[in-house]
1. Pull up the range 45-62, narrow it to residues that are surrounded by fewer than 13 Cβ atoms within 10 Å (Cβ to Cβ) and among the hydrophobic types (A, V, I, L, M, F, W, C), then point me to the one that is nearest to Ala76 (Cα to Cα).
2. Looking only at the range 63-80, which residues are in a helix (DSSP H, G or I) and either surrounded by 12 or more Cβ atoms within 10 Å (Cβ to Cβ) or in contact with a Lys or Arg (Cβ under 6 Å, 6 or more places away or on another chain) (or both)?
3. Looking at the range 43-62, which of the residues that are assigned to a loop (DSSP other than H, G, I, E, B) and of a type outside the set (Val, Ile, Thr) is nearest to Ala29 (Cα to Cα)?
4. When you scan the range 29-42, do you find a residue that is loosely packed, with under 12 Cβ neighbours inside 10 Å and assigned to a loop (DSSP other than H, G, I, E, B), even just one?
5. From the list Glu51, Glu16, Glu23, exactly one residue is modelled with pLDDT of 95 or more, over 14 Å from the mean Cα position of the chain (by Cα) and of a type in the set (D, E, K, R). Which is it?
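The values are calculated or read from the model by the stated rules, or taken from the named source; none is laboratory data. Predicted model, so just to flag it, every value in this text is computed and none were measured. FYI the Cβ positions are ideal-geometry reconstructions off the backbone, even for glycines, and counts take in every protein chain you see.
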Amino acid sequence: MYAWVKDVCLTLGAAEADLVPFEKYAAAAEATGERILTAFLERMTSQWFDEITLEQVARDAGVTLQTVIRRFGGKAQLLE
């Protein structure tokens, strides 16, 4: 997902070793997104879409509401 950023950094002269923390961050961000989507889909199996709140999804995923909103924007975007 973030491969293009790595390519740009390398093109601008960053050393490969300097990008290791970024790759760890990118992997963690990807895992967070997956947890949020999983929590939302699990809620969809037992509740109507209109009954699900982003607060519930955030709590189930172990993240803050702000993280869900920053990552996806809203419930409708979780379906995309």
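1. Phe49
2. Once the filter is applied, which keeps residues that are in a helix (DSSP H, G or I) and either surrounded by 12 or more Cβ atoms within 10 Å (Cβ to Cβ) or in contact with a Lys or Arg (Cβ under 6 Å, 6 or more places away or on another chain) (or both), the range 63-80 yields Leu65, Thr67, Val68, Ile69, Arg71, Phe72, Lys75, Leu78.
3. Gly62
4. no
5. Glu51
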